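See structure below.
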């Protein structure tokens, strides 16, 4: 139940991330180089300068892609108002400022805002918390699409091998053994290089490497189930093989399939993070957790390790949640173990 609560929380954050994140711009990519690499809890004042052509977006578009910033954020140390102008000391670096004057017509209605960066900022001055929130949907998306692909391919091939046996079983098991013999990360690399780098390519590459576990499990379950009396009764009634497989056998072996689906979900999140860390996964400026670790891992041994530790903790918690869910499903669906 603890894992399920964490997963529901992650799904909520992924769906409404742009309404929750302090930086609601697309990909949480508001770059402020002057405040790059700051520690958690950092506070900074900004003056808001109107952009020439602010883009208006509807509610659905904002939910999916965020909202482009209508104002330019200029970090300041202090400001004074003189008539119809505002004179600010623009923050450039610690102990270094520049005096700039803005006319009131170029400013927002409430021109000065004070922001707190709860997890600090990365090298480019982007809010770590916002990118962590938006990155949740990447991890959940790759897990979901990977599970769909792996279940579709694995259940289909495993059911054919286990039910029909003979030549079909030999061919499919040969294919499974070949795929099984190749290291997962190496196979993902090969498929990624074939399909190219990108958002959807990573999902497909990871999905096409994780069906083997499902196929082996389904084959074993079908081999044990096809001799049951209800399968023999279906054959005697003249049901087609496909009806027996999909209407009678698969619903009765759904428990183990759900358990391995939860395990594959967790594995897909780790593999995607590893690919992004190595530079062949999701590409910038998309905020993937693995990519965030890659961009900030050099800070681990310097003054601000939280830049890399925060996405690492996020990966750990989400993977733990799916592993807990898988263990819970295994215990709940293990009817014989309760006797």
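Computed values, structure above
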item: Crossing angle, helix 254-278 versus the chain [Cα axis fit, 0-90 degrees, rounded to tens]; result: 40
item: Taking 169, 331, 110 and counting other C-beta atoms within 10 Å, the order from fewest to most; result: 110, 331, 169
item: Model label zone, residue 71; criterion: amide N under 15 Å from point 7 Å along Cα-to-beta-carbon; scope the range 115-138; result: 115-116
item: Distance between modelled label sites at residue 4 and residue 167, nm, 7 Å Cα→Cβ extension; result: 4.7
item: Ratio Rg/Rh [Cα only; Rh per Kirkwood] for the range 146-259; result: 1.06
item: Per residue convex hull volume, Cα atoms of the range 8-65, in Å³; result: 120
item: Linear extension gain, residue 105 paired with residue 90, 0.36 nm per residue minus alpha-carbon span; result: 3.5 nm
item: Principal axes of the range 42-117: Cα extent on each, largest first, Å; result: 42, 30, 16
item: Calculated Rg and Dmax of the range 204-339 using C-alpha coordinates, Å; result: 21.1, 73
item: With Cα atoms, 0 to 90° folded angle of helix 166-181 axis to the chain main axis; result: 30
item: Length added when fully stretched, residue 241-residue 180, from 0.36 nm per residue minus Cα-Cα; result: 19.1 nm
item: Distance (nanometres) between label positions extended 7 Å along Cα→Cβ at residue 327 and residue 200; result: 3.8
item: Full-extension gain in nm, residue 283 to residue 57, via 0.36 nm per residue minus C-alpha separation; result: 78.9 nm
item: Highest-MSF residue in the chain out of 126, 243, 137 [GNM, Cα springs under 10 Å]; result: 243
item: Approximate spin-label separation residue 15-residue 224, in nm, with each point projected 7 Å along Cα-to-Cβ; result: 3.6
item: Quarter of the Cα convex hull surface for the range 1-129, i.e. its orientation-mean projected area (nm²); result: 9.4
item: Unit Cα scatterers, Debye sum, the chain: log10 I(q)/I(0) for q = 0.08, 0.09, 0.13 Å⁻¹; result: -0.52, -0.62, -1.02
item: Rounded to 10°, Cα long-axis angle of helix 128-164 versus longest principal axis of the chain; result: 10
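Read-outs: derived from the displayed coordinates by stated rules, not from any lab. Keep in mind the model is a prediction, meaning the values are calculated, not measured. So basically every Cβ, Gly included, is an ideal-geometry build from the backbone, and we count neighbours across all protein chains shown.
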